[in-house]
Amino acid sequence: MKKKESWMDRVIGSFLGNQDKKFREILIDQEVVEDIIQIARESHPLEFAALLEGKIKKGVLKVDGLVFLPGETSNQGAVMKTFMMPLTTGTVGSVHSHPIPSREPSTADLQFFAKNGLFHLIIAYPYTEDTIQAYDTFGEMISYGLI
């Protein structure tokens, strides 16, 4: 069932510049998912964080790359210096790992989601395709497909 857009969603979307960034389907390149799994495993027990690169065409958000920014990681969090993001990137969201079996976003994750894109992934230990969960900018779980 499609979520009805409230007046607050429209105001926030307009303020964030998301009003023309509507999509009904999300597809992620299989190679991007494989890279996410590999990087999460290599980073363990530290978290890793990256931005998702993609485009919206004809109502489909296609994620086809990762963008890495300078930052800091620990076993309790990852921080990206988003102010260093090149203006020419087509970032649409983020991905980060949790070195524990939980895919639930923290309060800090939810705040980051709200300010940094339309689509976000959390991959949890033991870092498999089945331990990836997708969220929208409001922290609501959403589904995606692979290409």
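Just checking, does the range 29-43 include any residue being part of a loop (DSSP other than H, G, I, E, B) and modelled with pLDDT under 85?
Here is the first cut: in the range 29-43, the ones part of a loop (DSSP other than H, G, I, E, B) are 29.
So of that shortlist, the ones also modelled with pLDDT under 85 come out as none.
Looking through the range 29-43, none of the residues is part of a loop (DSSP other than H, G, I, E, B) and modelled with pLDDT under 85.
Identify all residues within the range 115-141 that are outside any loop (DSSP other than H, G, I, E, B), surrounded by 15 or more Cβ atoms within 10 Å (Cβ to Cβ) and of a type outside the set (S, T, N, Q); write none if there are none. Before the answer, list the steps.
Initially, the range 115-141 is screened for residues outside any loop (DSSP other than H, G, I, E, B), giving 115, 119-124, 129-136, 141.
Right, trim to surrounded by 15 or more Cβ atoms within 10 Å (Cβ to Cβ) and you get 119-124, 131-136.
Of everything in the range 115-141, those that are outside any loop (DSSP other than H, G, I, E, B), surrounded by 15 or more Cβ atoms within 10 Å (Cβ to Cβ) and of a type outside the set (S, T, N, Q) turn out to be 119, 120, 121, 122, 123, 124, 132, 134, 135, 136.
Output the residues belonging to the range 95-147 that are of a type in the set (S, T, N, Q) and either in contact with a strand residue (DSSP E or B) (Cβ under 7 Å, 6 or more places away or on another chain) or closer than 13 Å to residue 37 by Cβ (or both).
First pass over the range 95-147, keeping only residues of a type in the set (S, T, N, Q): 97, 102, 106-107, 111, 116, 128, 131, 133, 137, 143.
Once the filter is applied, which keeps residues that are of a type in the set (S, T, N, Q) and either in contact with a strand residue (DSSP E or B) (Cβ under 7 Å, 6 or more places away or on another chain) or closer than 13 Å to residue 37 by Cβ (or both), the range 95-147 yields 97, 102, 116, 128, 131, 133, 143.
Would it be correct to say that residue 108 is hydrophobic (A, V, I, L, M, F, W, C), farther than 19 Å from residue 145 by Cβ and modelled with pLDDT of 65 or more? Write out each step before concluding.
Details: hydrophobic (A, V, I, L, M, F, W, C): yes; farther than 19 Å from residue 145 by Cβ: yes; modelled with pLDDT of 65 or more: yes.
Against the criterion (hydrophobic (A, V, I, L, M, F, W, C), farther than 19 Å from residue 145 by Cβ and modelled with pLDDT of 65 or more), residue 108 qualifies.
The values are calculated or read from the model by the stated rules, or taken from the named source; none is laboratory data. Source: prediction; values computed, not measured. So basically every Cβ, Gly included, is an ideal-geometry build from the backbone, and we count neighbours across all protein chains shown.
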